[in-house]
Amino acid sequence: MPSDAGERRYPFAADGLDTNPIYAKLRREEPVSRVRLPYGGAGWLVTRYEDAKLVLADPRFSRAVTVGREDTPRATPQPPQSASLLSMDPPEHSRLRKLVAKAFSSRRVERLRPRVQQIVDRQLDEIVRCGPPADLVQGLASPLSLTVIFEILGVPPQGQRRFLELADSQMSTTAHTREQRDAARAELEEYLAESVAERREHPTDDLLGALVCARDDDDRLTEAEMVDLAILLLVAGYETTANQIANFTYTLLSDSKQWESLCARPELVPGAVEELLRYVQLASGALFPRAAVEDVTVGGVVVRAGETVFVDTQSAGRDEAVYEHPEELDLTREHHPHMAFGYGPHYCVGAQLALLELHVAMSSLLRRFPGLHLAVPPADIPWKPGLFFRGPQALPVSW
Ligand code: HEM
């Protein structure tokens, strides 16, 4: 319901993985609409595909000017923080991104495939040993994405539990106070600064080691840039992938025909993963504000210089102008222009790694557990409260 000022409260409420029907109405009637965020005031929300693409790729929209400002509309108590890759504009962003891309090349990601398969096999063996039933969040989704990210960052096993607590607090909307987040951030920075210093002395083959050595002509990452980047990789890479492994499995098992059809045709898994990325709304809303640096017309609305825009890429993935029957999960769909990994200069740097983990996890589950089913009714699955990313707290399954 819009307020007197014509503003709706955003992010929109939804249970579990449901999509709030307001998105379809907005795409139809008010594709660029006013929304009021829990902190920092009001902004614009973009819900159609073509408008989303425009804002994400157009240099007249800046991430950097939203940083560190109390008046930036946002879902978190504290304003967006400084200096991370995700909050920079070109040319600073391009410089850093080029160096990161070197350490994150397809070759490096593909080299991880046997290790990802080994971790998945180990976790599934353990599930078989202890079950049925089993919790797929604790049994597979979390340990897989955490182990992968810890190994590429070179976090030793003894530090991993604390590291995870600290990382969790960086991705909360209401689950932690501002003081708790700041203290956790300081501890993460201290830890990573030590790791970077160690790698300068004794180079390692992990991603942090590669970042220490990454060079572009005479350019290289500073200590502070590396620390910021490592924190970003952890928070951006862990919760996203872990939740989507659980969310995808939940979605397929909630309609057992979908699970059975993939079991019968495992060659569909890569396309099915793309379709699930489009269909399953991971984030509770658009997370990263952009501000217009000059007046720009978007979807017929003039966004004034200084005003903030949120781009809802999940809503864009349901745009009737781009997809036939967008509200249907169609695992045989062939056209996949979704923006689940973003679009433009900030396109997810970890997309290939995420796809690798999702493909290996889903293929292995389908192969080893063709009879997999939810061990409780879908309505009894508990969902995580107060975090950016949606996902089940536990996913009890049987087979
Ligand atoms: C299913 C899993 C994932 C999803 C859905 C996802 C989604 C996204 C999206 C939508 C963006 C762009 C945000 C924006 O422009 O506002 C992004 C950026 C980013 N992602 Fe991911 N991501 C995933 C996994 C990962 C992984 C595994 C890593 C790294 C290990 C990662 C690292 C990053 C980084 C560093 C950025 C910032 C890139 C830049 O600003 O240039 N992500 N991701």
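The values are calculated or read from the model by the stated rules, or taken from the named source; none is laboratory data. None of these values were measured; they are calculated from a predicted model. Quick reminder, even Gly has a Cβ in these numbers, built from the backbone with ideal geometry, and neighbours come from all protein chains shown. When the accessible area is computed, the model is the full protein with side chains, heavy atoms only, and any ligands, DNA or RNA have been set aside. Shrake-Rupley method; radii C 1.70, N 1.55, O 1.52, S 1.80 Å.
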FRET E, pair Asp330, Cys213, Förster distance 56 Å, beta-carbon r, rounded to 0.05: 0.80
Positive dipole terminus of segment 8-380, leading residue within Gly300, Pro79, Leu153 (C-beta point charges): Gly300
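What's the carbon and sulfur percent of the chain's accessible surface, probe 1.4 angstrom, rounded to a whole number?
53 percent
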Pick out, from His93, Asn20, Ser169, the residue whose Cα sits farthest towards the positive end of the charge dipole of segment 8-380, with +1 on the Cβ of Lys and Arg and -1 on the Cβ of Asp and Glu. Asn20
Leading residue at positive end of dipole, the chain (Cβ point charges), from Leu366, Ser284, Leu234: Leu366
The relative contact order of the chain, taking Cα pairs under 8 Å that sit 6 or more residues apart, comes to a percentage of 26 percent
So what is the 222 nm mean residue ellipticity for the chain from helices alone, if each DSSP H run of at least 4 adds -39500 (n - 2.57) and you divide by all residues, rounding to the nearest 500 deg cm²/dmol? -14500 deg cm²/dmol
Which residue fluctuates the most in the chain, going by a Gaussian network model with Cα springs under 10 Å, if the choices are Thr249, Thr72, Thr204? Thr204
Pairs of lysine in the chain with Cα under 29 Å and at least 8 positions apart or on different chains: total? 5
What share of the DSSP beta bridges in segment 8-380 is antiparallel, in percent to the nearest 5? 75 percent
Residues Glu29 and Ser94, FRET efficiency given R0 of 45 Å [Cβ-Cβ distance, rounded to 0.05]: 0.75
Averaging over every viewing direction, what projected area does the convex hull of the Cα atoms of the chain cover, in nm²? 19.4 nm²
Expressed in angstrom and rounded, the centroid-to-centroid distance over alpha carbons for segment 190-238 and segment 241-275 is 35 Å
